[in-house]
Amino acid sequence: MSPTVTLPPHPVPARPSRTGPAGAPKIEAEALSFFYGPKQALHDISVRIQPNVVTAFIGPSGCGKSTFLRTLNRMNDIVPGARVDGQVRVDGQDIYGPSVDVVALRRKVGMVFQKSNPFPKSIFENVAYGLRINGMATSRSELAGRVEESLKQAALWDEVKDRLHESALAMSGGQQQRLCIARALAIRPEILLMDEPASALDPIATQRIEELVYGLKRDYTIVIVTHNMQQAARVSDHTAFFWLGKLVEFDRTDKIFTAPAEKLTEDYVTGRFG
Amino acid sequence: MRRTGVRRVISALFVGACGLAVLLALVPLALILFFVISQGVQALSLDFFTHMPRPVGETGGGMANAIVGTLMLTGLAALFAVPIGVLSGVYLAEYPGTRFSSLVRFAADTLNGVPSIVVGVFAYGVAVLPFKQFSALAGGLALGIMMIPIITRTTEELLLLVPGALREGALALGATRARAVFSVIVPAALPGIITGVVLALARVAGETAPLLFTAFNNRFFSTSLTQPVSSITVQLFTYAISPYEDWHRQAWAGALVLVTFVLICSLLARLAAARVTRIRRS
Amino acid sequence: MRSRDLGFRLAVGTFALLLVLIVAAIGFELVRQSWLSIDRFGLGFWRTSLWDPVGGQFGALPFIWGTLYSSIAALLLAAPVALGIAVFLSELSPHWLRGPLTFLTELLAAIPSIVYGLWGIFVLVPAVRSLEASMPEGLRQLPIFSGPPLGVGMLSAALILAVMVVPFTSAVAREVLKTVPLAQREAAYALGATRFEAIRAALFYARTGIVGAVMLGFGRALGETMAVTMVIGNNPQVSASLFAPQYTMAAVIANEFTEATDALYLSALVEIGLVLFIITLLVNGLSRGLIWMMARRSPARAV
């Protein structure tokens with residue numbers, strides 16, 4: 001199900017761009033604006049996100065990076081008064097189109113949140129949740145197999161294999177977050193959205209998450225929001241810089257951090273504000 | 001990837017069922033209001049407020065004595081309950097987290113859950129039995145006990161909403177705790193506290209069970225504290241279970257008066273609460 | 001200055017102490033007044049069902065039976081409706097409709113018990129009577145539908161109690177649902193949950209508090225007096241039939257207290273009040289404990 005073709009991490013050396021490095025995109029936003037009631041939170045954003053790379057969204061808090069991330073799996077639908085203009089295409093299909101099955105979309109576009117949010121159930125049941133509601137395992141052994149596989153992918157299996165049926169709430173914060181990643185991976189999404197997944201964690205737990213992200217990009221398209229520029233530099237191939245609800249610059253990460261095209265980007269990444 | 005369609009249907013059915021639950025609750029509300037209003041309006045006249053009950057067989061008459069009785073009983077209840085209720089609330093808000101305050105909070109919650117008929121039994125034991133006399137005082141005591149926990153918890157909640165800066169400001173000026181509480185904090189919370197008292201009054205004005213064997217009933221006009229006194233609710237009960245057509249009409253009129261009173265109190269409290277939150281937000 | 005503050009604390013604390021003393025006094029007074037009956041009948045009081053004040057025979061089983069029967073039946077009817085309302089108002093309702101609907105459901109709680117009773121006698125009971133009369137003969141053979149269609153009886157009592165308990169339970173359940181972190185619903189949605197499945201996840205998270213809310217409604221129903229007294233038929237018998245006129249603890253106190261001329265009769269009635277007091281105390285305490293446990297459990301914290 002996940003594409004096996006791996007594109008080179010830095011496809012084509014591109015001109016300084018706003019919409020991002022060239023190549024066939026996995027996700028494509030076009031002239032996307034977003035409103036909370038009368039307040040406009042995103043202005044006319046167009047990006048092309050490449051498959052099997054890690055794309056980081058950076059910017060000061062309140063710049064719209066998380067809001068934009070949440071438009072990519074229509075998570076903002078559950079916010080009252082939210083409205084979207086423009087288009088988001090995943091694999092070329094407009095996800096805000098009238099015939100779109102949001103449930104199916106979210107299965108394809110998984111999400112990990114800023115604060116770990118395990119269900120008050122056992123470790124096993126947390127990972128099995130998505131499989132169960134989506135009817136993705138036909139037998140107990142298949143279910144158990146996919147739970148194990150997901151926990152392994154999230155580098156959690158060795159730590160929890162002897163206590164799968166204990167409460168997830170008894171785990172450490174870092175483990176809980178990796179459990180949430182395992183839970184998201186269990187339903188085999190193609191894209192994984194991560195909203196500041198390490199912001200509440202200590203440095204060691206953060207490092208483990210970063211290693212995990214690096215390892216997962218072979219199989220997934222990953223978009224990660226972070227307020228931590230070092231983290232963006234460490235884990236991502238491409239970086240987009242947001243400012244006041246606008247996309248300022250989007251390019252290869254090395255380019256954003258060493259030779260940004262925009263003065264604003266340079267000021268931000270060199271720590272002159274923010 | 002099976003079943004998305006089925007799941008969507010289940011989800012829609014669930015949403016529909018929840019909406020239906022709301023309608024299901026509104027049906028009895030509409031039915032009750034419809035009957036109380038339609039039956040009550042027919043029976044209600046100025047006489048209802050100004051005349052005394054007539055004996056069986058004579059039509060007309062009113063509930064003047066019961067209306068005065070209810071006012072008296074709720075007034076007595078408020079006299080008794082407001083000081084205890086408000087000051088207990090002040091204590092809970094000013095000294096939270098102590099062992100005694102948890103005890104007080106527990107007592108208030110417990111009292112709130114005590115069935116009203118049991119409160120009546122208690123009031124009978126302490127205020128009727130020793131004097132061998134049903135009385136307005138005993139009825140007021142019973143209603144007052146029911147008011148206390150409502151007032152306490154509203155007062156506590158509203159005092160805790162008063163911005164800490166206000167309190168600190170007063171204390172910084174060298175005010176004593178008592179000064180700070182009564183000159184700054186309570187006045188700031190006063191509209192809310194009054195709202196709480198009004199709601200508590202509305203609730204106990206509709207109580208019947210605690211009055212049955214405390215204030216009892218009185219066919220005559222009485223304002224004596226030590227004599228039995230009539231109330232709209234007990235009178236309504238007497239009329240409702242009687243076999244007389246004319247008394248039934250009086251009962252509906254009484255119900256209309258009660259419901260109108262409760263409705264007005266709820267609306268006032270709601271408006272006041274809305275204003276309080278608006279002021280706090282701005 | 002410190003001593004003045006201590007004085008204030010003592011003064012205010014005295015009133016708070018009064019509140020505590022009142023509760024203690026209620027318990028004490030009920031025990032004192034019912035001692036005669038407790039002493040005379042012991043536990044047999046609650047095991048026998050002959051209630052004959054004239055003959056001096058007091059068995060309270062029918063009252064406890066009627067109280068539990070009517071309250072449990074009311075709860076079975078009210079709980080699903082109350083939870084549906086709570087879910088609708090907190091999760092589904094359009095914003096503009098939320099305020100008015102909340103007000104209307106709360107109004108149901110503000111209507112005095114005696115008005116419910118009046119409406120019960122003149123509107124509900126006749127309706128229930130025709131419902132009972134139109135019950136097919138086959139079903140009438142079942143024990144819960146046996147007996148003549150009187151209208152007054154367990155069914156009317158359960159229905160009116162259910163209506164009275166709904167606003168109460170739904171209000172508490174709504175508060176409980178508010179404490180469920182949005183992140184729980186988001187987690188479900190992000191895994192491809194439908195609306196129903198996401199709400200189910202929230203309800204699961206809140207399950208302890210939801211049980212508490214339902215039990216709090218149960219506590220209300222146990223002690224409800226006037227409306228039940230007016231429609232249940234006031235007949236002390238232990239019957240499985242919904243159509244049978246029965247009696248509750250609160251109702252027998254309301255009806256017979258002023259008629260209780262001799263000390264033993266009065267004491268027996270107070271003992272019923274004492275047990276009602278203890279049962280509601282336990283039920284309310286337990287439900288508040290559950291709600292408290294639920295509220296205390298904060299969303300999964302990072303360690």
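The values are calculated or read from the model by the stated rules, or taken from the named source; none is laboratory data. These numbers were taken from a predicted model, which means no experiment stands behind them. Neighbour counts are summed over all protein chains in view; Cβ atoms, including those assigned to glycine, are modelled from backbone coordinates with ideal geometry. The accessibility values were calculated without ligands, DNA or RNA, using every heavy atom of the protein model including side chains. Shrake-Rupley method; radii C 1.70, N 1.55, O 1.52, S 1.80 Å.
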message: On a 1.4 Å probe surface of the protein chains, which of C:TYR205, A:TYR36, A:TYR214 comes out largest in accessible area, and what is the full order?
response: A:TYR214, A:TYR36, C:TYR205
query: Put a dot 7 Å past each Cα toward the Cβ at B:GLN133 and C:ARG140; how far apart are the dots in nm?
result: 5.7 nm
query: Tell me which lysines have Cα within less than 26 Å of B:LYS132's Cα, excluding those fewer than 8 residues away on the same chain?
result: none
- prompt: Put simply, what bits of segment C:7-44 lose 50 Å² or more of accessible area when the other protein chains are there, versus the chain on its own (1.4 Å probe)?
  reply: C:PHE8, C:ARG9, C:VAL12, C:PHE15, C:ALA16, C:LEU19, C:VAL20, C:ILE22, C:VAL23, C:ILE26, C:GLU29
message: Please check: in the Gaussian network model of chain A (C-alpha springs, under 10 Å), which one of A:ASN52, A:ASN73, A:ASN228 has the largest mean-square fluctuation.
response: A:ASN228
- prompt: Under a no-solvent Debye model with one identical scatterer per Cα of segment C:90-189, what's log10 I(q)/I(0) at q = 0.14, 0.18, 0.22, 0.23 Å⁻¹?
  reply: -0.74, -0.90, -1.10, -1.16
task: Starting from the residue with the highest accessible area, list C:HIS95, A:HIS43 in decreasing order, probe 1.4 Å.
output: C:HIS95, A:HIS43
message: Distance between the C-alpha centers of segment B:1-69 and segment C:133-149? Whole Å please.
response: 29 Å
field: Accessible area buried, both sides summed, chains B and C with 1.4 Å probe, Å²
entry: 6800 Å²
message: Just to confirm a number: summing +1 for Lys and Arg and -1 for Asp and Glu over residues other than B:GLY16 whose beta-carbon lies under 13 angstrom from that of B:GLY16, what do you get?
response: +2
- prompt: Over what distance in Å are the Cα centres of segment B:163-191 and segment C:216-237 separated?
  reply: 46 Å
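Taking 23 Å as the cut-off for C-alpha to C-alpha distance, list the pairs among A:LYS246/C:LYS178; A:LYS115/C:LYS178; A:LYS39/A:LYS263; A:LYS65/A:LYS263; A:LYS65/A:LYS115 that go past it. Don't skip to the end; give the middle numbers.
Values: A:LYS246/C:LYS178 34 Å; A:LYS115/C:LYS178 19 Å; A:LYS39/A:LYS263 27 Å; A:LYS65/A:LYS263 19 Å; A:LYS65/A:LYS115 16 Å.
Result: A:LYS246/C:LYS178; A:LYS39/A:LYS263 exceed 23 Å.
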message: What is the sum of charges, Lys and Arg at +1 and Asp and Glu at -1, for the other residues whose Cβ falls under 13 Å from the Cβ of C:LYS178?
response: +1
- request: Could you pull out every whole DSSP H run in chain C that spans at least 18 Å of Cα extent along its own axis and averages 0.0 or higher on the Kyte-Doolittle scale?
  value: C:2-41, C:61-87, C:95-110, C:154-178, C:207-223, C:263-296
query: How many times 2.2 N^0.38 Å is the alpha carbon radius of gyration of segment A:27-269?
result: 1.01
task: Report the accessible area of A:ILE49, computed with a 1.4 Å probe over the heavy atoms of all protein chains in place, in Å² rounded to the nearest 10.
output: 0 Å²
query: Under a plain spin-label model, where a point goes 7 Å from the Cα along Cα-to-Cβ, how far apart in nm are A:THR270 and C:ASN255?
result: 9.1 nm
- request: On the full set of protein chains, 1.4 Å probe, figure out the accessible area of A:LYS115 and give it in Å² to the nearest 10.
  value: 120 Å²
- prompt: What is the average number of partner chain Cβ atoms found within 10 Å of a Cβ in A:133-146?
  reply: 2
Of B:ILE32, B:ILE148, B:ILE67, the one that fluctuates the most in a GNM where chain B has Cα springs shorter than 10 Å: B:ILE32
statement: Length-normalised contact order of chain A, Cα under 8 Å, at least 6 apart, in percent, tallies to 28 percent
- request: Could you please report the charge total around C:GLY117, scoring K, R as +1 and D, E as -1 over all other residues with beta-carbon less than 15 angstrom from its beta-carbon?
  value: -2
query: Pick from B:ALA12, B:ALA138, B:ALA172: which residue has the top mean-square fluctuation in a GNM of chain B where Cα pairs under 10 Å get a spring?
result: B:ALA12
The protein assembly as shown - accessible surface per residue (Å², probe 1.4 Å): 41 Å²
field: Spatially proximal lysines relative to A:LYS161 (Cα-Cα < 23 Å; intrachain offsets below 8 disregarded)
entry: A:LYS121, A:LYS152
- line: Quick P(r) readout (chain C; Cα-Cα; 20 Å bins; whole %) gives 27, 49, 22, 2, 0
- prompt: Can you pull the Rg over Rh of chain B, Cα-only, Kirkwood?
  reply: 1.08
field: Largest-first ordering by accessible area, 1.4 Å probe, given options B:HIS51, A:HIS165
entry: A:HIS165, B:HIS51
Segment C:63-296, relative contact order in percent, only Cα pairs under 8 angstrom and at least six apart counted: 30 percent
